[in-house]
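Asks: I'd like to ask you about the structure that follows.
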Amino acid sequence: AHGYFTYDPGFLSTASCESKITFIDGDAGILLHRGYPIDELAQNANYLQVCYLLLTGDLPNQEQYDAFRKRVTRHTMVHEQITSLFRAFRRDSHPMAVMCGVAGALSAFYHDSLDINDPRHREIAAYRLISKMPTLAAMSYKYSIGQPFIYPRNDLSYAGNFLHMMFAIPCEEYKVNPVVEKAMDRIFILHADHEQNASTSSVRLAGSSGANPFACIAAGIASLWGPAHGGANEACLKMLEEIGSVERIPHYVARAKDKDDPFRLMGFGHRVYKNYDPRATVMRNTCHQVLQELDIKDPLLEVAMELERIALSDPYFVDKKLYPNVDFYSGIILKAIGIPTSMFTVIFALARTIGWITHWLEMQADPASRIGRPRQLYMGTPTRTVLPLEQRK
Ligand code: SDX
């Protein structure tokens with residue numbers, strides 16, 4: 001037994017670290033954040049309450065929540081000079097390329113005053129990141145479409161403020177649609193943390209050397225961008241658009257099964273879940289709710305539902321335990337609420353920032369934590385002598 005759960009010895013040898021934040025049972029399709037099941041959190045909490053939970057270990061009561069929300073809103077603006085940083089990028093840069101740059105650049109604005117050995121300084125860095133990521137994310141979108149940056153509004157909810165910064169324009173009032181706001185908040189919750197995934201492991205490895213937390217988050221953003229990881233939501237929607245109709249699904253399913261074809265069904269499969277991803281279940285229900293409440297008939301949802309039905313009945317996918325994952329439905333919801341595909345992974349990064357920074361804080365607070373140093377099996381050339389240049393053949 002290890003903590004409250006028992007692990008088979010084989011698993012223990014593969015575990016890279018101990019953590020109290022998130023528990024996943026891939027075979028049973030269980031995801032807990034500090035002991036709370038993800039579907040109950042999505043139903044009965046909001047994203048900022050989940051941030052409080054991940055950071056402190058408990059869900060907040062009303063007084064704690066109000067104080068936390070007020071503290072988060074204190075850092076929502078970014079240094080005005082960061083707007084010039086955006087202008088150094090081409091307008092058609094992928095917003096994830098911009099986010100890698102500007103998140104890391106926060107180090108240049110807050111590095112000097114930050115002593116990561118001081119728990120209070122570490123906490124301030126965490127609040128700055130939770131507060132500023134939506135602002136930076138919305139700025140990366142506004143910059144890409146040539147519209148002016150919209151300042152944060154601290155009177156709005158976390159999700160409402162993000163939507164306002166994304167879609168408001170100076171010359172018109174923008175009203176946040178409560179259905180869209182709720183769906184956005186739920187997407188943030190479902191992407192908040194996920195144990196030692198590639199991007200969180202990148203943040204922990206970067207942080208293990210004592211690097212600045214903003215630079216560590218930039219490492220997480222870079223890792224998340226890959227289509228095998230957080231880039232899958234953008235890739236999944238592009239795949240659904242390429243398939244285009246239910247009639248063309250069998251051709252793509254055949255390609256996904258063909259060993260010689262690199263094509264994979266984006267949004268299917270998972271490194272850990274060999275059962276249904278519990279987040280995908282919540283995302284699927286949210287997807288139907290949003291499309292129904294916004295009265296949107298998206299043909300891509302029809303393709304997605306038929307693709308899911310075929311994949312879940314096809315022995316190839318069933319035997320390989322390839323179920324829809326969190327990225328399968330999120331793209332359809334984001335598209336329905338007006339988010340462009342280029343921003344899908346940026347939103348994943350925004351939501352995952354709380355997970356990244358909580359793991360970084362957990363590692364920094366552990367006196368036993370040491371620099372990460374994975375080892376390897378050397379498969380190269382055996383020892384040999386260096387000949388002077390004139391003697392080499
Ligand atoms: C995320 O780690 C996390 O927690 C990540 C994440 C998080 O919240 O941080 O959950 C977010 O990244 C979700 C995953 C999003 N990625 C995708 O949807 C991209 C498509 N999926 C695949 O690239 C793949 O499933 C991975 C990368 C997710 C997992 O890759 P693995 O570990 O190689 O998958 P596996 O070992 O379970 O594969 C078993 C077999 C393999 O074939 P064989 O070698 O046994 O013959 O299934 C095949 C794979 O080739 N396979 C697929 C497939 N995924 C795996 N075949 C077709 N389509 C797929 N999507």
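Asks: Work out the FRET efficiency for PHE149 and LYS259 from their Cβ-Cβ distance, taking R0 = 56 Å, and round it to the nearest 0.05.
Replies: 0.70
Asks: Which whole-number percentage describes the relative contact order of region 15-122, with Cα contacts under 8 Å and a sequence gap of 6 or more? Write down the numbers at each step before the final one.
Replies: Values: 54 pairs, mean separation 12.5, N = 108.
RCO, region 15-122: 12 percent.
Asks: Could you order peptides 158-165, 252-259, 329-336 by the average number of other Cβ atoms within 10 Å of their residues, highest first?
Replies: 329-336, 158-165, 252-259
Asks: Next question, about the same structure. Using a basic spin-label model with each label point 7 Å from the Cα along Cα→Cβ, how many nm lie between ALA198 and CYS171?
Replies: Modelled inter-label distance: 4.3 nm.
Asks: For a quick protection proxy, order the peptides 303-316, 144-157, 208-221, 374-387 by their average other-Cβ count within 10 Å, most packed first.
Replies: Result, highest mean Cβ count within 10 Å first: 208-221, 303-316, 144-157, 374-387.
Asks: Once fully extended, how much extra length lies between LYS20 and ASP92, figured as 0.36 nm per residue of separation less the alpha-carbon to alpha-carbon distance?
Replies: Net length gain for the segment: 21.8 nm.
Asks: Please report, in debye to the nearest 20, how large the charge dipole of region 138-259 is about its Cα centre when each Lys and Arg carries +1 at its beta carbon and each Asp and Glu carries -1 there.
Replies: Computed about the Cα centre, the dipole is about 280 debye.
Asks: Let me have the 222 nm mean residue ellipticity of the chain computed from DSSP H runs of 4+ only, each contributing -39500 (n - 2.57), with the sum over all residues rounded to the nearest 500.
Replies: Values: 18 runs with 218 residues, N = 393.
Here the helix-only value at 222 nm equals -17500 deg cm²/dmol.
Asks: Right, here's the next one. What helices does the chain have that are whole DSSP H segments, at least 15 Å long along their own axis by Cα, and with mean Kyte-Doolittle hydropathy of -1.0 or more?
Replies: TM-like helix candidates: 95-110, 119-144, 178-190, 213-224, 232-243, 278-293, 299-313, 326-336, 344-364.
Asks: Given a 10 angstrom Cα cut-off, can you work out which residue in ASN325, ASN233, ASN177 is the most mobile in a GNM of the chain?
Replies: ASN177
Asks: Roughly speaking, to the nearest percent, how much of the chain's 1.4 Å accessible area is carbon and sulfur?
Replies: 53
Asks: Okay, moving on. What ranking do 45-55, 261-271 get when scored by the average of other Cβ atoms within 10 Å per residue, highest first?
Replies: 45-55, 261-271
Asks: May I pose another question? Calculate, in nm to one decimal, what ARG74 and ARG392 gain on full extension: separation in residues at 0.36 nm each, minus their alpha carbon distance.
Replies: Value of the extension gain: 107.9 nm.
Asks: In whole angstrom, and with the biggest value first, how far do the Cα coordinates of region 309-365 range along each principal axis?
Replies: 46, 32, 13
Asks: Classify region 1-119 from the C-alpha gyration tensor, please: rounded if a/c falls under 1.5, else prolate or oblate depending on whether a/b exceeds b/c.
Replies: Prolate is the answer for region 1-119, as a/c is 1.5 or above and a/b outweighs b/c.
Asks: So, one more: How high is the relative contact order of the chain, in percent, with contacts defined as C-alpha pairs under 8 Å that are six or more residues apart?
Replies: 22
Asks: For region 183-269, count the residues as N, evaluate 2.2 N^0.38 Å, and divide the Cα radius of gyration by that value, please.
Replies: Compactness ratio reported: 1.39.
Asks: Moving on to the next point. I'd like the Kirkwood hydrodynamic radius of region 107-210, using the inverse of the mean 1/r over distinct C-alpha pairs, in Å. Kindly include the intermediate steps, with their values, before the conclusion.
Replies: Numbers: mean 1/r = 0.0627 Å⁻¹.
About 15.9 Å, per the Kirkwood formula over Cα pairs.
Asks: What does the convex hull of the Cα atoms come to per residue for the chain, in Å³?
Replies: Taking the convex hull of the Cα positions in the chain, it is 207 Å³ per residue.
Asks: Please tell me which of these pairs span more than 21 angstrom C-alpha to C-alpha: LYS175/LYS335; LYS238/LYS274; LYS70/LYS335?
Replies: LYS238/LYS274; LYS70/LYS335
The values are calculated or read from the model by the stated rules, or taken from the named source; none is laboratory data. The shown structure was predicted, so the numbers you read here are calculated from the model rather than taken from an experiment. With ideal geometry, Cβ positions are generated from the backbone for all residues, glycine too; neighbour counts draw on all protein chains shown. Note: accessible area is taken over every heavy atom of the protein model, side chains too, but ligands, DNA and RNA are not part of it. Shrake-Rupley method; radii C 1.70, N 1.55, O 1.52, S 1.80 Å.
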